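Just below is one structure, and these are the notes that go with it.
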Amino acid sequence: MNNNIVLIGFMGSGKTAVGKRLANKLKMGFFDTDENIEKVSGMSIGKIFNDYGEIRFRSEETLAVKRACALNNSVIATGGGAVLIPENLELLKKSGVIVALDASPEEIQKRVSKRNSFRPLLGNDKSLENITRLLKKRVPVYQQANYRVDTTGKELETVVDEIMELLKNNE
Ligand code: S3P
């Protein structure tokens, strides 16, 4: 098994921001599946969804997950839907320890409603009902993580420190 730290969780749970900071503090590499998809395809996630649809996005995502899993000593931030594909979850489990970032639907709504936060999967419906509905479907998958950290109402630094503390006990 590789020694990566894999962050999973719903949109707006903070995977990218927490992952970058965690990698920096632990002096590990950082890999973000969404960022990698954009780099390799030369298109934004929004454009891929818009012009080619979700199925095309998911196939790009599986390729990005495979690239991530070939790494070692890295923090991997995944897109919120990446682990819904069982093959991706299995690969990620083999590549390191899985940490799920949780947040309440209200907190998620607050974070995804920020001006620069475009989430094609939610489209224009950032209602609590829609977020809760999607979240409910996904929680059973996120629950498969080795560790779960609730990020609701917490500063980035607090979340990062909590993860570091949890992983200390994992050594
Ligand atoms: C998605 C989450 C997004 C991005 C894409 C689809 C999802 O990433 O991969 O828009 O299915 O939940 P974030 O979780 O970083 O928002």
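Where a number appears in this text, it was derived from the coordinates with a stated rule and is not lab data. Quick caveat: nothing in here was measured; it's all calculated off a predicted structure. Virtual Cβ from ideal backbone geometry, glycine too; neighbours counted across all protein chains shown.
Please sort 164-170, 4-10 by packing, taking for each peptide the average over its residues of neighbouring beta carbons within 10 angstrom, highest first. Before the final figure, lay out the partial values.
Numbers: 164-170: 11.3, 4-10: 25.7.
The densest-packed peptide leads the list: 4-10, 164-170.
Please arrange ASP125, ASP161, ASP102 by how many other C-beta atoms lie within 10 Å of their C-beta, fewest to most. List each step's numbers first, then the result.
On the way: ASP125 11, ASP161 15, ASP102 20.
So the ranking, lowest neighbour count to highest, is ASP125, ASP161, ASP102.
How many percent of the alpha carbon pairs in the range 27-118 exceed a separation of 18 Å?
50
I'd like the Kirkwood hydrodynamic radius of the range 76-164, using the inverse of the mean 1/r over distinct C-alpha pairs, in Å. Spell out each step's value before the answer.
Working: mean 1/r = 0.0704 Å⁻¹.
Radius from the Kirkwood sum: 14.2 Å.
I'd like the trypsin sites (Lys or Arg not before Pro) in the range 1-101 restricted to DSSP loop residues with at most 10 other Cβ atoms within 10 Å, sorted by number. Don't skip to the answer; put the middle values down first.
On the way: sites: LYS15, LYS20, ARG21, LYS25, LYS27, LYS39, LYS47, ARG56, ARG58, LYS66, ARG67, LYS93, LYS94; in loops: LYS27.
Passing both the DSSP loop test and the Cβ count: LYS27.
As a quick test, which of the pairs LYS15/LYS114; LYS27/LYS66; LYS39/LYS126; LYS25/LYS168; LYS93/LYS168 have an alpha carbon distance above 20 angstrom in this structure? Display every interim value, and only then the final one.
Numbers: LYS15/LYS114 16 Å; LYS27/LYS66 22 Å; LYS39/LYS126 27 Å; LYS25/LYS168 14 Å; LYS93/LYS168 18 Å.
In this structure, LYS27/LYS66; LYS39/LYS126 lie more than 20 Å apart at Cα.
Report, by chain and number, residues whose modeled amide H sits under 5 Å from the one on ALA103, excluding near sequence neighbours (fewer than 5 apart, same chain).
Amide H to amide H, under 5 Å and 5 or more residues apart or across chains, ALA103 pairs with THR151.
What FRET efficiency do you get for LEU167 and THR132 if R0 is 25 Å and r is their Cβ-Cβ distance, rounded to the nearest 0.05? Kindly include the intermediate steps, with their values, before the conclusion.
Numbers: r = 30 Å, r/R0 = 1.20.
After rounding, the FRET efficiency stands at 0.25.
What is the list of residues in the range 143-160 whose amide nitrogen lies under 11 Å from a point 7 angstrom out from the Cα of GLU106, following Cα to Cβ?
Label zone hits: 153.
Taking the range 4-166, how much of its Cα-Cα pair set, in percent, is spaced more than 26 angstrom apart? Write down the numbers at each step before the final one.
Details: 2838 of 13203 pairs.
I get 21 percent for the Cα pairs in the range 4-166 exceeding 26 Å.
Quick one: work out the % antiparallel among DSSP beta bridges in the chain, nearest 5. Before the final figure, lay out each step's value.
Values: 0 of 17 bridges.
Antiparallel bridges make up about 0 percent of those DSSP assigns within the chain.
Please list, by residue number, everything in the range 82-125 whose backbone N is under 17 Å from a paramagnetic label point 7 Å out along Cα→Cβ of ILE55.
85
Mean 1/r over all different Cα pairs, inverted: what Kirkwood radius does the range 117-171 give, in Å? Working shown, then result.
On the way: mean 1/r = 0.0734 Å⁻¹.
The Cα-based Kirkwood calculation yields 13.6 Å.
Quick one: compute the contact order of the range 4-166, relative version, from alpha carbon pairs under 8 angstrom and 6+ residues apart, as a percent.
Details: 237 pairs, mean separation 55.0, N = 163.
Rounded, it is 34 percent for the range 4-166.
Hey, got a sec? Which GluC sites (Glu not before Pro) in the range 70-156 land in a DSSP loop and have at most 13 other Cβ atoms within 10 Å? Spell out each step's value before the answer.
Details: sites: GLU87, GLU90, GLU106, GLU107, GLU129, GLU155; in loops: GLU155.
Passing both the DSSP loop test and the Cβ count: GLU155.
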